Amino acid sequence: MSRLVIVSNRVAAPQQSRAGGLVVALDAALRDTGGVWFGWSGKATRDGTQAVQHARAGNVEYVTMDLSEADVAGYYDGFSNRTLWPALHYRLDLVEYSRETHVVYRQVNARFAERLATLLRPGDRVWIQDYHLLPLAGELRARGVDNPLALFLHVPFPPSDLARALPNHASVFGAMAAYDLVGFQTRRDCENFDAYLRDATDSGEIALRAGRPPPLTRAFPISIDADEFAQAARRARGSAGVRGLRDSLGGSALAIGVDRLDYSKGLVEKFQAFGEFLRRHSGNTGGLTLLQVAPVSRGGVRSYRELRHELERIAGHINGRHADPQWTPIRYVNRNLGRQTLAGYYGAARLGLVTPLRDGMNLVAKEYVAAQDPDDPGVLLLSRFAGAADQLGGAMLVNPYDIGGVADAIDAALRLGADERRERHAESLRSLREQDIHWWTAAFLDALDARGTSRSRATTA
Ligand code: ADQ
């Protein structure tokens, strides 16, 4: 069987202890056939040296490359996170575009391609991850690489008109046409990309390469290892940490939110909705506490710093207004938790509040469902703008922009009887089990293999 080569911005070191489901699943796929995991080392060198490191674990080789500080500033902090991330999350208002960072983004992709081309053997299947590496296939093809090349985009793809508003979009989004297969989280993302290719071709903004068929595009909703996560939650149930959390609530209910501190996650709106719930139902809230875990992310980017200040201000305001000496409505925690502790906290929460303004999938929603006790489960309130909304049929869907609507949904969710909670939970868990992270890797690789075969038939015909 041909080897698998995975390329991602960051490479998880072998046997990393905090590895989440995705890393474990990709590693398992690599070990199936043997292969290579290639990407940036995470190191930024001041003197500009770009050393390459090799490590091996069994039949898998891990190859990482250092980048210069200037490259990291342009490619990663700059174009990937200040330009592409907001553009792909429908936030043209937050896009910072500069030709300089765009050029560095393309140069770094070209450099990755140059190094990667030397590692590839004929027949290797190459699976590239996410928005940091959109032009990589084109750069590899330009170096004569003829292997099957696939991309999975972990974030949304916006409607065609928004994508075409990005200056020089052809060299990033148009370049995605060089893949054999492009996988998206949802059908909506897939349709948006197909429409983009059509519109940009019709208007002459991009030209598809003659002789090469356009990429196969399909939705592959990513997931978690539901059984493993449920087990972690069961193990955590009696732990000191979870008992301590329960004791501190004194019998009142808990709502939980777990999000990277990112404007796409709708944290400001979530706090506002929780404040509105307290205001509308004052005296009748049952002492509900919101535990919001939000580790700081991309602290070097201005919009993220501003968001952090805004959240501190709102949390302080709501707590000042509603708290009493025995109860603080919002517990706001900016740190990372171990996976088992997290699973235990989800399990202890009567409500899961997952309300992003836009999210590729959102694995927190799936983790919350997997962590519930099926006999006495909590309720998931989920934004209709998260990819996960397509799959978790038992969740209560909300519009995160509708502050009053979310406030009322919190109240309604708290009132659900045990039978309805169990039915809703069972429905979500069923689809979570059917399409877990192992299904995801297998479905993607099967599609790539099928595509590879039809492509070779087309070239030999
Ligand atoms: P993210 O935007 O990072 O991922 P998400 O899917 O929610 O969003 O994944 C976050 C992961 O980090 C979860 O597994 C969560 O448990 C973990 N996490 C968050 N806060 C934590 C904390 N304080 N302590 C410990 N763990 C924490 C991107 C896309 C998503 C898509 C994923 C995968 O933006 O839409 O679902 O990739 O494709």
Inset, instruction - Return the calculated 222 nm mean residue ellipticity for the chain, to the nearest 500 deg cm²/dmol, obtained by summing -39500 (n - 2.57) across DSSP H runs with n ≥ 4 and dividing by the residue count. - result: -13000 deg cm²/dmol
Inset, instruction - Collect residues whose amide H, placed 1.01 Å from N in the peptide plane, falls under 5 Å from the amide H of A57; neighbours closer than 5 in sequence don't count. - result: Y62
Legend entry - Antiparallel DSSP beta bridges within the stretch 226-434, as percent of all bridges there, nearest 5: 5
Inset, instruction - Show which lysines lie in cross-link reach of K366 when reach means a straight Cα distance below 25 angstrom and same-chain residues fewer than eight apart are skipped. - result: K265, K270
Inset, instruction - Express as a percent, rounded to the nearest 5, the fraction of DSSP beta bridges in the chain (both residues included) that run antiparallel. - result: 15
Inset, instruction - Specify which residue in the list L254, T118, G347 is farthest towards the positive end of the charge dipole of the chain, using unit charges on the beta carbon of Lys, Arg (+1) and Asp, Glu (-1), about the Cα centre. - result: T118
Inset, instruction - Compare the Cα positions of H89, Y368, L140 along the charge dipole of the chain (+1 at Cβ of Lys, Arg; -1 at Cβ of Asp, Glu; about the Cα centre) and return the one farthest towards the positive end. - result: L140
Legend entry - Order of Y97, Y75 - criterion: other Cβ atoms within 10 Å of each residue's Cβ, fewest first: Y97, Y75
Legend entry - Total formal charge among the other residues, if their Cβ is under 15 angstrom from that of H54, Lys/Arg +1 and Asp/Glu -1: +1
Inset, instruction - Can you put D180, D161 in order of Cβ neighbours within 10 angstrom, beginning with the fewest? - result: D161, D180
Inset, instruction - Give me D for the chain in µm² s⁻¹, whole number, from Stokes-Einstein with Rh from the Kirkwood sum over alpha-carbon pairs, 20 °C and 1.002 mPa s. - result: 92
Inset, instruction - Quick one: order D262, D449, D93 by neighbouring beta-carbon count within 10 Å, fewest to most. - result: D93, D449, D262
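Taken together, the values in this text are just the output of simple stated rules run on the coordinates, not laboratory data. Owing to the predicted nature of the structure, the values given are computational and were not obtained by experimental measurement. Neighbour counts are summed over all protein chains in view; Cβ atoms, including those assigned to glycine, are modelled from backbone coordinates with ideal geometry.
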